[in-house]
Amino acid sequence: ECKWFSEWSHLFGEGFQGWEPKKGVVACNEENMVTKIYLYWNNLTGSIPGEVQYLSKLIHLDLVGGSISGTIPTFIGQLSNLKDLHLSHNELSGSVPLE
């Protein structure tokens, strides 16, 4: 997963050209699985990428302060290890899905 995440903008294609963080932190566990994504105040655009649903060990997701739009994807509620979710100061609609 960590290798996948390092190629973040390539995998997301044309719709995610704004997903080139100027600052942020991505942390991985000893199994090389993404556990934390902190990309706050990067003015990211587009929607939350579907590939995030495959980050099964994700605990923290912070995408505060951008222009991320659309509805909050249902898969967010299915990330069983997700404990901290921060999406404020974006253009998202809807509520956080519960499982």
Verdict on Ile59 being touching a residue at least 12 places away in the same chain (Cβ under 8 Å) and touching a Lys or Arg at 6+ places or on another chain (Cβ under 7 Å): yes
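Given the condition open to solvent by less than 60 Å² (accessible area, probe 1.4 Å) and at pLDDT 90 or above, answer yes or no: does some residue in region 7-20 qualify?
Checking region 7-20: not a single residue is open to solvent by less than 60 Å² (accessible area, probe 1.4 Å) and at pLDDT 90 or above.
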Strands (runs of 3 or more DSSP E) contained entirely in region 26-99, each with at least 2 residues that are open to solvent by 40 Å² or more (accessible area, probe 1.4 Å): 34-38, 67-71, 84-86, 91-93
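The values are calculated or read from the model by the stated rules, or taken from the named source; none is laboratory data. What you see is a predicted model, and the numbers here were worked out from it, not measured in a lab. Glycine gets a Cβ as well: all are built from the backbone with ideal geometry, and neighbour counts include every protein chain shown. Side chains are part of the model used for accessible areas, which takes the heavy atoms of the whole protein and leaves out ligands, DNA and RNA. Shrake-Rupley method; radii C 1.70, N 1.55, O 1.52, S 1.80 Å.
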